[in-house]
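Everything below concerns the one structure shown next.
Just so it is clear, none of the values below were taken in a lab; they were calculated from the coordinates. On a predicted model such as this, the values are computed, not experimentally measured, just so you know. Neighbour counts run over all protein chains shown; Cβ positions are idealised from the backbone, glycine included.
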Amino acid sequence: MTIRKLYRFENAHIVRHCTSRRCSRSLHGHSYKVELLFGAASLDRGQMVYDFGLTKGMIKDFIDSFDHAITLWSGDDPAYLRDMKRWSERWVELPVNPSAEQFARTIFLLVDRVLKQTVMVNGEKEVVLEGVIVHETETGYAHATAEDAYDSTMGPTDLGTIHFSQRVQEEWRDPRMFEKLLAGERFVNPDSV
């Protein structure tokens, strides 16, 4: 069975080297919608695939990192990166160009890692992230699966190459959550939320 959780955020970016001049040479923003598709072959004690309340913690914080922020590509011009970081408190720097496709891959990698490092306490069994859909506009979206997310020909898969601004980290429930995720720390779902 598959369930879907929807998130929204506002974000600005430039997608270098794309065909559209406006997109590749001008800072612009989108009202993104992100769908997370969770699946499991069985239901937990509450007869759910995964309690939606559990997605309001780390998963929501990681997605919210992109809200009212600028997403930068580490391969961009160093002067541009320096200036954007100087004038914006909220930014995320990715090792990939911030296209809808790479947002979908990046969010997949983050959420998948959270799930894999979470100790389930309500009888959840083999809950997996089946896909991430990132709607960049009302008419266009990118859909990433595990195969896409972990395909190194599409870009780096090492979460350690992602950088969140200090302000973004300060706004998380646990400002050290990314550090803990990278270190392989286990996270325990609460008995009740």
### Message
Looking for something part of a loop (DSSP other than H, G, I, E, B) and β-branched (Val, Ile, Thr) - is there at least one such residue anywhere in the stretch 155-169?
### Response
yes
### Message
Filter the stretch 40-93 down to the residues that are among the polar types (S, T, N, Q), in contact (Cβ under 8 Å) with a residue 60 or more places away in the chain and assigned to a loop (DSSP other than H, G, I, E, B) and list them by number.
### Response
42, 65, 74, 88
### Task
From 111, 96, grab the single residue that is in a helix (DSSP H, G or I), touching a helix residue (DSSP H, G or I) at 6+ places or on another chain (Cβ under 6 Å) and closer than 25 Å to residue 33 by Cα.
111
### Message
Which residue is nearest to residue 103 (Cα to Cα), if the candidates are limited to the stretch 1-50 and must be touching a Gly at 6+ places or on another chain (Cβ under 9 Å), loosely packed, with under 13 Cβ neighbours inside 10 Å and not polar (S, T, N, Q)?
### Response
10
